[in-house]
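The block underneath contains the structure these notes are about, expressed in structure tokens.
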Amino acid sequence: MIKGFSKFSQEQKIEALASKYNLPTSFKEVLKSHHHSALQDLYNQFAENTISNFYLPYSVAPGFVINKKEYAIPMVIEESSVVAAASKAAKFWSAHGGFRTEVLSITKSGQLFFTTEWSLEELKDLMPGIESALRNSVRDITQNMEKRGGGIAGFKLTHEARVDEQTFCLMVSFETADSMGANFINTCLEQMGDELVSFLTQRNDTRPVEINMAILSNYTPDCLVQCILSCPVESLRPYSGDYSPQEFAMRFKKAVKLAKHNLSRAVTHNKGIMNGVDAVVLATGNDFRAVEAGVHAYASRSGTYASLTDIILEDNVFTYTLELPLALGTVGGLTLLHPLAKLSLLLLGKPSASELMQIAAAAGMANNFSALAALVTSGIQKGHMKMHLTNILTTLNANAIEYQKAKNYFSDHDVSHSAVKIFLDAERLKEQHRQK
Ligand code: MEV
């Protein structure tokens, strides 16, 4: 065990790791080469025990038309094809009415769990008093939020009888304007917890009240955004490949139905949506773990995990909808602290949190549409492996000439790791013979 690691300087941390795990000098060199020459101190502050930075591609999917406004969407993602798929769908839909999005609700909630021998009925009777005392106890914090258009939206008491008879949850709902609101909600809840204890213990009652925990919930079913794509079935011809647009639309519908009723497929279908959503969430410095947790819980709200999208084919019109919860912010957290997150927001025209919800939903919809369109026609691997070729070549240390030759060869051959390796080995052998 390395003792006192957290107290070491960055240099000492790297030294200690290299010596403890007997790492080659390249370990230190690679870490150092990924340091930022000017902003390392800032990056170090974002987490603890930082020893370097981890780069991911920062890409842009241009040409998105969302509610008639054009955007170039910044995307941070390491998976090949995702940005290309988003851009392709953006281009197609920009000529077919664009992405129509709407924020359906913006409420988030926090939970104050407590244990007491007070009964549910007694607590319910006291709720008006509790509510007003708790609201007053956080007045100094909520006043600012109210000026920005947010604040406390309501209270709900539930009995957690499945845990035990004495456990309750005070669910507090909030609106947090343009911030994701985690800090605001958690600060309010902790202060409310203290107030709840004094409120109940001041009532000449000796029954103790214990706060179990106070924390926001990442389940945000009331912070919802919807995205709709719609066009005449005939317009889908560019995507229909060897099928007619009508056949394509029917195959697409079946794919959506499968994602509604088959759990394994539903998870992959939704993962394709999250390819786009997460890339925007990351690029704008938002909390992708919170978004992921909330989205997948929402996909299970009926008791069965299912697709987040739905489709209607009627009167030769294709209408595809996505609905998902997205608790995002455009102020607070990393959004304006991380230079690239700040830049992303600038590129998006400094959106409000609601606007960002709609942009992220559109990116998710674009990726899902492209994925399904490929899956129900030529399959995903054709396009995917072409994009993946670069990664394989890099892994195999291909030089510029080999890269170009491989690109030519694989323009009409199937790409796979083994096929690329065989091709490169043969090229390298030929080259050795030439040099002899
Ligand atoms: C790959 O990252 C995403 C897909 O698997 C999504 C899907 O299957 O719908 C292609």
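Miscellaneous remarks
- Local net charge near Lys108, Cβ-Cβ under 14 Å (Lys/Arg +1, Asp/Glu -1): -3
- Size of electric dipole in the stretch 342-436: Cβ of Lys, Arg +1 and of Asp, Glu -1, about Cα centre, debye, nearest 20: 260 debye
- Each of the peptides 424-432, 384-392, 152-160 was scored by the mean count of other Cβ atoms within 10 Å over its residues; in descending order, highest first, they stand as 384-392, 152-160, 424-432.
- Residue separation of Arg289 and Leu347 scaled by 0.36 nm, minus their Cα-Cα distance, works out to 18.5 nm of gained length.
- Rounded to the nearest 10 degrees, the angle from helix 417-435 to the longest Cα principal axis of the chain is 40 degrees.
- Percent of beta bridges antiparallel (DSSP, the chain, rounded to nearest 5): 95 percent
- Helix 381-395 and the longest principal axis of the Cα set of the chain meet at an angle near 80°.
- Projected label distance in nm at Met1 and Ala161, using a 7 Å step from Cα toward the beta-carbon: 4.6 nm
- Dipole of the stretch 108-217, positive direction: furthest Cα of Gly129, Cys188, Ile211, with charges on the beta-carbon: Cys188
- Counted charge near Leu229, where neighbours are those whose Cβ lies closer than 12 Å (Asp, Glu -1; Lys, Arg +1): 0
- Whether the chain is rounded, prolate or oblate, judged on the alpha carbon gyration tensor where a/c under 1.5 counts as rounded: oblate
- Positive minus negative residues near Ser137 (Lys, Arg vs Asp, Glu; Cβ under 14 Å): -3
Read-outs throughout are calculated quantities, based only on the coordinates presented, and are distinct from any laboratory measurement. Please read all numbers here as calculations on a predicted model, not as lab measurements. Because the Cβ atoms are built from the backbone with ideal geometry, glycine has one as well, and the counts that use them run over all protein chains shown.
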